[in-house]
1. I'd like to verify a number: residues in segment 53-63 that are within 17 Å of the chain's Cα centre (by Cα) and either within 14 Å of ligand 2 (Cβ to nearest atom) or of a type in the set (A, V, I, L, M, F, W, C) (or both), how many?
2. Surrounded by 17 or more Cβ atoms within 10 Å (Cβ to Cβ), within 12 Å of ligand 2 (Cβ to nearest atom) and either under 13 Å from Q26 (Cα atoms) or at pLDDT below 95 (or both): which single residue out of C83, C73 fits that description?
3. Applying the selection to segment 86-105, what residues are at pLDDT 95 or above, not acidic (D, E) and not in a helix (DSSP H, G or I)?
4. Does T111 meet the test of being of a type outside the set (D, E, K, R) and away from ligand 2 (no atom under 13 Å from the Cβ)?
5. I'm checking my understanding of the structure. Among residues of segment 14-47 that are near ligand 1 (Cβ under 6 Å from one of its atoms) and assigned to a helix (DSSP H, G or I), which one is surrounded by the most Cβ atoms within 10 Å (Cβ to Cβ)?
6. Could you tell me which numbered condition I61 fails, if it satisfies all but one of (1) at pLDDT below 95; (2) closer than 20 Å to M99 by Cβ; (3) in contact with a Phe, Trp or Tyr (Cβ under 8 Å, 6 or more places away or on another chain)?
7. Take the conditions of a type outside the set (A, V, I, L, M), touching a Leu at 6+ places or on another chain (Cβ under 6 Å), outside the structural domain of V150 (by TED's automatic domain parsing) and modelled with pLDDT under 95 and apply them to G56. Does it pass?
8. Quick one: would you say F68 is away from ligand 1 (no atom under 16 Å from the Cβ), in a helix (DSSP H, G or I) and over 20 Å from Y110 (Cβ atoms)?
Amino acid sequence: MATLDFEFRNKILGNEIGTTLAYCYQCATCSGACPVAQVTEGRYNPRRLILDSLLGLKEKIFGQDNVFNIWGCTVCDTCDEVCPQKVELTEIFIILKNMSIEKGEAPDYYTGQASTILENAKAIPMQPAIERRRDQLGLPKIIEPDVAEVKKLLEMTKLPEKLPKSTE
Ligand code: SF4
Ligand code: SF4
């Protein structure tokens, strides 16, 4: 039987944006509008994630078997726009994602992308093939970012400490 974890729930409710969690009356408008819920035929379900958060059902949210429950969200904000109760779903899910990162449960594709940005100051490093194609299309040269400066900023956010050692 699932355990209710009030400390976890209060941690979300204690956040300024997280207080909106309490306004949810489970109408499911968010799930009906969520593109990920539609594509996955309900396997990803923002209404359920909000309910589990409200009840403090931490073990249904975290853990390696539940990774998709949180990380399936693409942060498109559609649910926020349609929620009749103005629940800040996307921000609440970011709180959950941050907790998931603290637990070392973020999916590899997220931490891998974060490592790429840390090392290159961009999500997709420039490659000769891309440069050649841009030249052929007559597109202007890309201005390279200041990698050292971006790295310094990301270090101030403690990003490197949150990445798995193997991907640093
Ligand atoms: S649309 Fe808003 S009120 Fe309705 S279930 Fe989703 S979060 Fe709750
Ligand atoms: S922000 Fe996330 S939960 Fe909300 S509609 Fe988009 S994918 Fe679905």
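1. Looking only at that region, the number is 3.
2. Values: C73 fails: either under 13 Å from Q26 (Cα atoms) or at pLDDT below 95 (or both).
Being surrounded by 17 or more Cβ atoms within 10 Å (Cβ to Cβ), within 12 Å of ligand 2 (Cβ to nearest atom) and either under 13 Å from Q26 (Cα atoms) or at pLDDT below 95 (or both) holds for just one of C83, C73, which is C83.
3. If the condition is that a residue be at pLDDT 95 or above, not acidic (D, E) and not in a helix (DSSP H, G or I), then K86, V87 are the ones that fit.
4. Considered against the rule, which asks whether it is of a type outside the set (D, E, K, R) and away from ligand 2 (no atom under 13 Å from the Cβ), T111 comes out as yes.
5. Initial filter on segment 14-47 (near ligand 1 (Cβ under 6 Å from one of its atoms)): 24-30, 47.
Next, from what is left, pick out any that are assigned to a helix (DSSP H, G or I): 29-30, 47.
Values: T29: 15, C30: 27, R47: 22.
Across segment 14-47, the extreme among qualifying residues is C30.
6. Status for I61: all satisfied but (3).
7. Details: of a type outside the set (A, V, I, L, M): yes; touching a Leu at 6+ places or on another chain (Cβ under 6 Å): yes; outside the structural domain of V150 (by TED's automatic domain parsing): yes; modelled with pLDDT under 95: yes.
Considered against the rule, which asks whether it is of a type outside the set (A, V, I, L, M), touching a Leu at 6+ places or on another chain (Cβ under 6 Å), outside the structural domain of V150 (by TED's automatic domain parsing) and modelled with pLDDT under 95, G56 comes out as yes.
8. No; evaluated as a whole, the condition is false for this residue.
The values are calculated or read from the model by the stated rules, or taken from the named source; none is laboratory data. Model, not experiment: these values are computed from the prediction. No Cβ is skipped: glycine too gets one built from the backbone with ideal geometry, and neighbour counts run over all protein chains shown.
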